[in-house]
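Here is the structure we will look at.
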Amino acid sequence: MLYGLSQIGYIVASVCFILALHWMNTPATARNGVYAGVAGTAIAILVTWAEPAVIHHLWIIGAIAAGFLVGIPLSRVPLTAVPQRTALSHAFGGLAAGLVGTAEYYLQVGEGGTSLTAFRMSALIAEVLLGYLTFTGSIMAAGKLQEVKWIPQRPVTYPMQNLINLLLFGIAIALAAALVMYPTAVWALVVFPVIIGLSLLFGVLLIIPIGGADMPTVIAILNSYAGLSAVAMGFVLDNKLLITAGALDGSSGLILAIIMCKAMNRSFTNVLFGAFGQVQQAKGTGEQKVYKSETPEGAAQILEQSSLVVVIPGYGMAVAQAQHKVRELYDQLKKRGITVKFAIHPVAGRMPGHMNVLLAEADIPYTDLVEMEDINRDMPQCDVALVVGANDVVNPAARTDKTSPIYGMPIIEADKARTVFAIKRSKSPGFAGIDNELYFADRTWMLFGDAKAVIGELVKELAGSGMH
Ligand code: NAP
């Protein structure tokens, strides 16, 4: 009876997790997705807690309290620090899986080891390997993103790096195979910690050759490792919910990593072995290119006469926290019957969905957020493309310059609009460290300044002219 109830509880939790992922598909339902995920986790914990085999309740209460203690401050980090916060969550997930696998191994060995069949032992070793690797890998990734001093930002490479990694991996697999065959041998008790040590080392070795630039993609990959580790844990503990939740986690992490690679025109192997993210050499052509500047007053006049305005937000909007001013500008333009759309590049900003989150915070209707492929069809009819702190995602070099590090990356085709206004503070390049031809184009006018301040000026101009 109790078993049946717990199985139903697990099915309900699984449904919650699937709905959570499904609702994350669009900004309109994303909040529900979060609630469904929380509900699924709460049900899973309660159902497991209610099992008769659980007798040490104080430990569970202690673990939940510790979770809150760490989780509450983690939830308060600013949006720009969410990538490293996410990496820390994966680190904890990986560590939990690794520790559960370790405890289970020694527990079973203590009880004679009869339950350590070849299948269970293989799952246990996969869990431990992936769990500890995710732990140190994610700590390194979080450290690189947070730019902590003791972790080098630049990719660290040395001769025969991949060969050495492969050799260590071979040793780990050989030791793992021996353990699967003789899980209770006396030497096995020593080999097990060696495997733990190797997987902790792997986590570090896998991350050091990867530059800060690729960290968000790597975090998605580590997410998928943590998920696979949970699947293996599900097999070890014979827990179906862990298998389902881990598989969802593992596959969604992998899909996200693939989407990000595509959006940056990078291959998976290129991210993992490419040592990308080294500081790019800005190409000096020698000639001084000339920017044309416009005043907020002049820009406001052109905006007022437009019928279609496309706002292209980027990392600079996040830095300036300009989203609420952007909302005011949106209101001013809409009041005049002007169509305003937001062009969302999948890797604008510094994390997936960065722009969606900011614009949602400012209550901009989701229906006016348009994905890159769709908005690009409208760009030739667009009267004004207003670039708000975006750079790489509107750089035409991605289409035209084969030598550019971003060549082949899909971009928002701002250069096809009749007029381009670009807001940024200075002449410095964006994330990829390269010049942007868009800013020197005939149809482009720069609005130099902090995005929040410049948009504020535009709003003031429009509000003023509306009173006449
Ligand atoms: P970007 O290329 O980094 O350019 C941002 C621009 O914003 C800069 O040129 C900067 O110029 C300007 N800016 C900064 N602070 C500003 C402020 N307060 N006011 C106005 N402007 C400001 O950004 P992006 O076009 O969004 O492209 C994102 C880049 O990040 C891509 O290269 C992408 O591959 C990479 N990336 C994204 C993700 C992701 O998941 N989204 C992950 C990894 C890498 P000034 O300094 O002159 O103001």
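Give the ranking of Leu2, Leu167, Leu358 by solvent-accessible surface, highest area first, calculated with a 1.4 Å probe.
Numbers: Leu2 95, Leu167 120, Leu358 0 Å².
These residues rank, largest area first, as Leu167, Leu2, Leu358.
What residues qualify as long-range amide H neighbours of Phe431, i.e. H under 5 Å apart, gap of 5 or more or another chain, H built at 1.01 Å from N?
So Phe431 has HN proximity to Asp392.
Between the stretch 1-24 and the stretch 161-212, what is the separation of their alpha carbon centroids in Å?
35
Compute from the Cα atoms of the stretch 120-199 the Rg and the Dmax, the latter being the longest Cα-Cα distance, and quote both in angstrom.
Cα-based Rg and Dmax for the stretch 120-199 come out at 15.3, 44 Å.
Sort Tyr225, Tyr132 by accessible area with a 1.4 Å probe, largest first.
Working: Tyr225 60, Tyr132 15 Å².
In descending accessible area the options line up as Tyr225, Tyr132.
With no solvent and one point per C-alpha, what does the Debye sum give as log10 I(q)/I(0) for the stretch 331-466 at q = 0.12, 0.14, 0.16, 0.19 Å⁻¹?
Taking Cα atoms of the stretch 331-466 as identical point scatterers yields -0.48, -0.66, -0.88, -1.29.
What helices does the chain have that are whole DSSP H segments, at least 20 Å long along their own axis by Cα, and with mean Kyte-Doolittle hydropathy of -1.0 or more?
On the way: long enough: 2-23 (31 Å, 1.52); 27-49 (34 Å, 0.92); 57-75 (26 Å, 1.79); 82-110 (42 Å, 0.45); 118-146 (41 Å, 1.02); 161-181 (30 Å, 2.06); 188-207 (29 Å, 2.86); 215-237 (32 Å, 1.62); 240-263 (34 Å, 1.41); 451-466 (22 Å, 0.57).
Membrane-span-like by this criterion, though nothing is claimed about a membrane: 2-23, 27-49, 57-75, 82-110, 118-146, 161-181, 188-207, 215-237, 240-263, 451-466.
Report, to the nearest whole %, how much of the accessible area of the stretch 85-202 belongs to carbon and sulfur atoms, 1.4 Å probe, protein only. The partial results should precede the final answer.
Values: 4410 of 5830 Å².
Carbon and sulfur together cover 76 percent of it.
Report the Rg/Rh value for the stretch 79-151, based on alpha-carbon coordinates and the Kirkwood definition of Rh.
1.18
Any chance you could look up the accessible area of Glu457 with a 1.4 Å probe, heavy atoms only, rounded to 10 Å²?
Glu457 has an accessible surface of roughly 80 Å² with all protein chains in place.
For the stretch 50-140, which trypsin sites (Lys or Arg not before Pro) pass both filters: DSSP loop (anything but H, G, I, E, B) and at most 16 other C-beta atoms within 10 Å? All intermediate terms of the calculation are to be shown ahead of the outcome.
Numbers: sites: Arg76, Arg85, Arg120; in loops: Arg76.
Within the stretch 50-140, the qualifying trypsin sites (Lys or Arg not before Pro) (loop, at most 16 other Cβ atoms within 10 Å) are Arg76.
Taking the inverse of the average 1/r across all pairs of different Cα atoms in the chain, what Kirkwood radius in Å do you get?
Numbers: mean 1/r = 0.0404 Å⁻¹.
The answer is 24.7 Å.
Using the crude model of +1 on Lys and Arg Cβ and -1 on Asp and Glu Cβ, and no other charge, please compute the dipole size for the chain relative to its Cα centre, in debye to 20. List each step's numbers first, then the result.
Details: 31 positive and 32 negative charges, 99 e Å.
For the chain, the charge dipole is close to 480 debye.
Just by accessible area at a 1.4 angstrom probe, what is the order of Val191, Val236 from largest to smallest? It would help to have the intermediate numbers written out before the result.
On the way: Val191 25, Val236 0 Å².
Ranked from most to least accessible, the order is Val191, Val236.
Give me the net charge of Ala226's neighbourhood, meaning all other residues with Cβ under 12 Å from the Cβ of Ala226; Lys, Arg count +1, Asp, Glu -1. Numbers along the way, then the final one.
Details: positive: none; negative: Glu127, Asp249.
Taking every Cβ under 12 Å from that of Ala226, the sum is -2.
Cross-link candidates for Lys289: which lysines have Cα within less than 24 Å, leaving aside residues fewer than 8 places away along the same chain?
Straight-line reach from Lys289, under 24 Å: Lys402, Lys416, Lys424, Lys427.
Output wanted: per-residue J couplings in Hz (rounded whole) for the stretch 416-433, from phi through Karplus 6.51 cos²θ - 1.76 cosθ + 1.60, θ = phi - 60°, x for Gly and Pro.
8, 6, 5, 9, 10, 10, 10, 9, 7, 7, 8, 9, 6, x, x, 4, 7, x
The values are calculated or read from the model by the stated rules, or taken from the named source; none is laboratory data. Please read these numbers as outputs of a predicted model, since none were measured by experiment. In this analysis, Cβ positions are derived from the backbone assuming ideal geometry, glycine residues included, and neighbour counts consider all displayed protein chains. In case anyone asks, the SASA skips ligands and DNA or RNA and just uses the protein heavy atoms, side chains included. Shrake-Rupley method; radii C 1.70, N 1.55, O 1.52, S 1.80 Å.
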